[in-house]
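The values are calculated or read from the model by the stated rules, or taken from the named source; none is laboratory data. Everything numeric here is computed off the predicted structure, so don't read it as measured data. Using ideal geometry, Cβ is built from the backbone for each residue, glycine included, and neighbour counts are taken over all protein chains shown.
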């Protein structure tokens, strides 16, 4: 039952709503009107979520009262783990999450150690736990492959039926999917490899000293080396014959051609600094610290649409025509890129989402605490 102060706050919210019915008769005493609202709120607290939804259809006053955040906050906490820190009706959030996407927790990596990175493709899952690579060729089966791997992995990706692994050494290794035996390596780096990006035209790796190496993705022969301005590279993408470099420190994107010539940059304020990038068809998706996501197209990177997510973004992933957003608050949001609409959000962790990956019918989420979890998508939202 609400405290007196909570009820008073709720009544002020109701008073501010233009949708509240006008008095049934002239001269209605304001005290009686507020008492009526007070009693309704106490009654609504006893209702199920289904009855709350039905109550909203009685009249405008009941609609406003039945959608108060104080009524829906415990429902969100019970079914999704936590209430979001965004300026939106909790009833609207619940309706969207419940009706658009059905999130069901399915599996958690059985380990007490922190996981640094993972890669997922279909039922295949590979992650690093401490100094061991652990592979589940088919998740939920009893078959598990383990091999020692002392270097701390920062990034993994499956490319042409091989796992590409970077982090903790001056080389990038390629391993076969089944036994994880090393089959190839890119070793011509002057310092630790911080990460890589792959496209059909270029394979790029970058080091802790701020040097980018461009490779032929088919032959793995080195094409060029590019010393860039920033010594703390977070990510690169190859888009429209340009290499776009994102820094961990400076709030800007810098453009280079394959010869290493600078093609200019786009600078942002610290509040809207770029936190992640991804490609979708001919679009470049740029996620910013202010919670907005810009969709770019054309050679000059014209912004054709800006998506306001209402959450603090840390990481994004694109798969199956969906944009998956991992938040600083542990919430995960899925957007449909085909119709550019939100399909739902849910609380995946109590900690910041570090990495997220969608497969046809599942989401795999790694948080900053090193916990790896898998969530199952409803059949209506699973990709064909």
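Quick notes
- Taken over region 22-59, the residue count meeting the criterion of being at pLDDT below 80, within 37 Å of the chain's Cα centre (by Cα), surrounded by 11 or more Cβ atoms within 10 Å (Cβ to Cβ) and in a helix (DSSP H, G or I) is 3.
- Criterion (surrounded by 16 or more Cβ atoms within 10 Å (Cβ to Cβ) and modelled with pLDDT under 85) met by exactly one of 100, 135: 100
- Number of positions in region 221-255 that are at positive phi and at pLDDT 90 or above: 0
- Every residue from region 292-314 that is farther than 16 Å from residue 340 by Cβ and not in a strand (DSSP E or B): 298, 299, 300, 301, 311, 312
- Top-ranked residue in region 104-122 [being surrounded by 14 or more Cβ atoms within 10 Å (Cβ to Cβ) and under 18 Å from residue 351 (Cα atoms); ranked as modelled with the lowest pLDDT]: 111
- For region 286-344, a tally of residues being closer than 24 Å to residue 121 by Cα and touching a helix residue (DSSP H, G or I) at 6+ places or on another chain (Cβ under 6 Å) returns 2.
- On inspection, residue 125 passes the criterion of being modelled with pLDDT of 75 or more, out of contact with any helix residue (DSSP H, G or I) (no Cβ under 7 Å at 6 or more places or on another chain) and closer than 30 Å to residue 149 by Cα.
- Checked against the criterion of being crowded, with 16+ Cβ neighbours inside 10 Å and closer than 19 Å to residue 211 by Cα, the candidates 250, 263 yield just one match: 250.
- Any hit, region 139-148, residues being surrounded by 14 or more Cβ atoms within 10 Å (Cβ to Cβ), modelled with pLDDT of 90 or more and within 23 Å of the chain's Cα centre (by Cα): no
- Residue within region 178-188 that is within 30 Å of residue 263 (Cβ to Cβ), surrounded by 16 or more Cβ atoms within 10 Å (Cβ to Cβ) and at pLDDT 90 or above present: yes
- Inspection of region 179-199 identifies at least one residue that is touching a strand residue (DSSP E or B) at 6+ places or on another chain (Cβ under 9 Å), part of a strand (DSSP E or B) and either over 26 Å from residue 227 (Cβ atoms) or free of Cβ contacts under 8 Å to residues at least 12 places away in the same chain (or both).
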